[in-house]
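Structure record follows, encoded as structure tokens.
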Amino acid sequence: MKLGVNIDHVATVREARKGKLPDPIAAAVLAELAGADQITVHLREDARHIKERDVRTLKDTVSTELNLEMGLAKEIIETALDIVPHQVTIVPERREELTTEGGLDVIASDKKLSAAISKFHKKGIAVNLFIEPNRDVLERSKNLGVDGVEIHTGAYANAGTENDLRKAHHDIHQAAVIAKNMRMYVAAGHGLDYTNISAIAKLHEIEEVNIGHSIISRAMRTPVEVSSSLLKPDSHNSTDLSLGYKPTNHSLKISGKGIT
């Protein structure tokens, strides 16, 4: 199973002060050094975190694969066609939402999707649709000619009861099986973390997961502790503050036990 690391929220912190740090490009490099198979970013129409310049720089620097999440705004489609990432994942997008809230309505967006998919394929860009685990949606996605789907795992990640959790997991599994039988690439994502990933990792039909918020949140723990200690007055004489954080040799791996 491939791991795509979403670095959007590195840019969210940067934009809090409209500065240069933290740098999402540096985060992408560290993720790849740690074993990430793919770097994922969402270029929103309002550019609230990731900017067009970030995507262009990532296209030139990412050594694995670049997955660009995006809506169907004309300007964003034109930008993607110009940059030519390895893959685009088309998602629903509303300006008032804090994060993507659900799967794409492939019926309502039918004509726009068909036109966009055709343009991307002419450029050699693989196209995934971010969808709910639903047979009808899967069938329509297949008919549109997409390369794959990313199954929305929000209901699973946010399940409040054991029954809800089991149902959500079952729905994801069934959708993955159906998509695989339709010869579509199968990815999954949204709300996955270091513990709930274990049950998803056991679904062999799923070939890729995209995880962002939990990785960025966890990454703040030890580096924050180290960075804070470096700035203590009694450390200034013995520590070169210009060295910065160095990645370890630890590799990110996904298994039935979670992310290790």
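Read the figures in this text as sums done on the coordinates, not as results from a lab. Predicted model only: the values in this text are computed from it and were never measured. Please note: Cβ atoms are built from the backbone with ideal geometry, for glycine as well, and neighbour counts cover all protein chains shown.
Annotation: amide H-H contacts under 5 Å for E69 (H modelled 1.01 Å from N, sequence separation of 5 or more, or interchain): V41, H42, L43, T89.
The fewest-to-most ranking of M182, M1 by surrounding Cβ atoms within 10 Å reads M182, M1. The residues H9, H86, when put in order of fewest to most other Cβ atoms within 10 Å, stand as H86, H9.
Remark: the range 46-187 carries a charge dipole of roughly 480 debye about the Cα centre, counting +1 on each Lys and Arg Cβ and -1 on each Asp and Glu Cβ. Comparing H121, A179, P223 along the charge dipole axis of the range 2-230, the residue lying farthest to the positive side is H121, per the Cβ-charge model. What is the local net charge at A157, summed over the other residues whose Cβ is closer than 12 Å to its Cβ (Lys, Arg +1; Asp, Glu -1)? Spelling it out: positives minus negatives among the neighbours equals -2. Classified by the C-alpha gyration tensor, the range 2-230 has an oblate form. Its axis ratio a/c, with a ≥ b ≥ c, is 1.5 or above, and a/b does not exceed b/c.
Each Lys or Arg adds one and each Asp or Glu subtracts one; over the other residues with Cβ under 15 Å from the Cβ of P24, this totals +2. For R140, R48, the sequence from fewest to most other C-beta atoms within 10 Å is R48, R140.
Across the range 7-13, rounded Karplus estimates of 3J(HN,Hα) from the backbone phi angles (6.51 cos²θ - 1.76 cosθ + 1.60, θ = phi - 60°) give 9, 3, 7, 5, 5, 4, 5 Hz, Gly and Pro being marked x.
Is the range 108-224 best put as rounded, prolate or oblate by its Cα gyration tensor, with a ≥ b ≥ c the root eigenvalues, rounded for a/c under 1.5, and otherwise prolate when a/b is larger than b/c, oblate when not? Oblate.
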